[in-house]
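The values are calculated or read from the model by the stated rules, or taken from the named source; none is laboratory data. Worth saying up front: this structure is predicted, and the values here are computed from it rather than measured. Reconstructed Cβ throughout: ideal geometry from the backbone, glycine too, with neighbour counts over all protein chains shown. To get the accessible areas, we keep the full protein, side chains included, count just its heavy atoms, and leave off ligands, DNA and RNA. Shrake-Rupley method; radii C 1.70, N 1.55, O 1.52, S 1.80 Å.
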Amino acid sequence: MREHLTNWAGNIVFGAERVHRPRSVDEVRDIVAAAGRLRVLGSGHSFNRLADTDGDLLSLADLPRVVEVAPDRASVRVDGGIRYGELAARLAAEGLAVHNMASLPHISVVGAVATATHGSGVRHGNLATTVSGIEMVRADGELVTLTRADADFPGAVVGLGALGVVTALTLDVVPAFDLRQYVYDDLPAAAVRDELDEILADGYSVSLFTRWTSPDVDMVWLKRLDPLPAGDFHGARPADGPRHPVPGMPTENCTEQGGVPGPWHTRLPHFRMEFTPSSGEELQSEWHVPREQAGAAIEAVNRVRERVAAVVQVCEIRTIAADDLWLSPNFQQDSLALHFTWIADTEAVLPVVADLEEALAPLGARPHWGKIFTTDPAALRDAYPRFADFAGLVRRYDPAGTFRNAWLDELLG
């Protein structure tokens with residue numbers, strides 16, 4: 001009997017005939033070897049048909065939890081189903097940390113890596129950049145391991161689930177650290193125009209939140225290792241209480257603010273692991289542009305901001321450092337990311353997505369792989385210098401197309 005599953009937002013109903021929930025890597029190998037078409041489902045926090053299939057879905061959530069710290073305490077091996085919140089708690093107990101986290105600790109590590117999901121910080125790469133080893137079941141059921149010493153590695157890390165089922169990852173870790181989180185209201189447009197680089201570099205992690213109702217920015221969220229002096233921040237006022245990125249949503253869902261120091265994993269995400277951050281009544285899009293185009297990108301959105309403001313709940317602006325991963329939106333470029341949380345109305349949102357794509361295309365924008373976008377696949381292929389190499393990697397690892405779906409077929413050409 002067909003099991004009807006949706007993604008987290010509910011805008012995608014998966015077309016899978018069956019959903020497999022293996023409890024061991026050997027089970028994964030047997031399922032893959034017997035499969036026709038198969039896709040892996042992470043935490044369901046993607047907003048397009050990247051994870052969809054007309055074959056079978058495979059969830060790794062029931063694999064035994066694995067958090068194996070290396071003897072030198074510089075890396076950790078984790079299973080393919082673990083989520084960042086679970087991993088963070090286990091690492092913190094060991095006095096260790098990952099360098100960064102996304103806004104949500106609820107997402108799966110493997111899914112975040114496969115789509116180059118990220119946090120913020122001018123010196124911090126996306127979450128995939130911490131990967132030093134991949135254990136993956138190929139379409140023939142064989143378990144293969146890749147490390148940074150392998151030529152295929154930079155093409156396989158951000159793999160979109162196209163090469164195989166990732167059953168374990170090895171991640172770089174660092175000693176645990178404390179952070180302070182500060183929130184400021186109403187950053188003036190003049191500061192955004194004239195002091196943007198300084199603002200974005202003034203913390204371990206920095207996020208700007210705006211609803212595009214004016215050229216001003218509604219909030220600045222700073223996560224810092226050291227305290228900030230009292231007073232304004234580039235003309236923005238200290239918040240007079242806790243804030244949620246989306247006005248009107250419950251602030252108890254958010255991590256502690258007000259400059260109170262606390263462990264890294266209780267400050268880096270915007271949301272607490274023990275709370276559902278929202279009802280899922282939203283859609284999301286995101287585009288990455290080269291950092292040198294940051295001001296031009298913000299101005300480009302400002303030119304269509306009335307249309308954006310009509311359907312956006314909030315937009316988050318962040319920075320990500322360059323990397324060498326072939327399908328990372330940050331491949332060979334420090335980036336500014338503009339993330340849009342939309343109302344849950346696809347018909348109203350898609351024309352605005354098209355407007356933004358047109359406005360940002362001249363700046364070399366690359367969309368987040370797991371969000372809503374309408375960019376032509378040929379243009380996407382042109383945006384990635386190593387895309388042809390990635391397509392060749394897919395053909396070598398999965399010649400029969402076991403892990404393909406309609407979305408990937410169109411992307412790969």
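The sole residue among ALA139, ALA61, ALA102, ALA116 that is assigned to a loop (DSSP other than H, G, I, E, B) and either on the phi > 0 side of the Ramachandran plot or among the basic types (Lys, Arg) (or both) is ALA116.
Scanning the range 67-90 for residues that are crowded, with 17+ Cβ neighbours inside 10 Å and assigned to a loop (DSSP other than H, G, I, E, B) gives GLY80, GLY81, ILE82.
Could you list, in sequence order, all residues of the range 380-406 that are in a helix (DSSP H, G or I) and either open to solvent by 50 Å² or more (accessible area, probe 1.4 Å) or farther than 23 Å from ALA337 by Cβ (or both)? Steps first, please.
Within the range 380-406, the first condition is being in a helix (DSSP H, G or I), and the residues that meet it are 380-383, 387-397, 406.
Once the filter is applied, which keeps residues that are in a helix (DSSP H, G or I) and either open to solvent by 50 Å² or more (accessible area, probe 1.4 Å) or farther than 23 Å from ALA337 by Cβ (or both), the range 380-406 yields ARG381, ASP382, ALA388, ASP389, ALA391, GLY392, LEU393, VAL394, ARG395, ARG396, TYR397, ALA406.
Taking the conditions (1) under 23 Å from the mean Cα position of the chain (by Cα); (2) open to solvent by 10 Å² or more (accessible area, probe 1.4 Å) in turn, GLY241 satisfies each one other than (1).
Scanning the range 27-69 for residues that are in contact (Cβ under 8 Å) with a residue 60 or more places away in the chain and farther than 30 Å from GLU282 by Cβ returns VAL28, ARG29, ASP30, VAL32, ALA33, ALA35, GLY36, VAL66, VAL69.
Within the range 364-379, count every residue that is open to solvent by 30 Å² or more (accessible area, probe 1.4 Å) and either in contact (Cβ under 8 Å) with a residue 40 or more places away in the chain or not aliphatic (A, V, I, L, M) (or both).
5
Looking at the structure I just gave you, is GLU357 open to solvent by 20 Å² or more (accessible area, probe 1.4 Å), at negative phi and without any contact (Cβ under 8 Å) to a residue 12 or more places away in the chain? No. Scanning the range 125-178 for residues being under 22 Å from ALA321 (Cβ atoms), without any contact (Cβ under 8 Å) to a residue 60 or more places away in the chain, β-branched (Val, Ile, Thr) and open to solvent by 10 Å² or more (accessible area, probe 1.4 Å) gives a total of 2.
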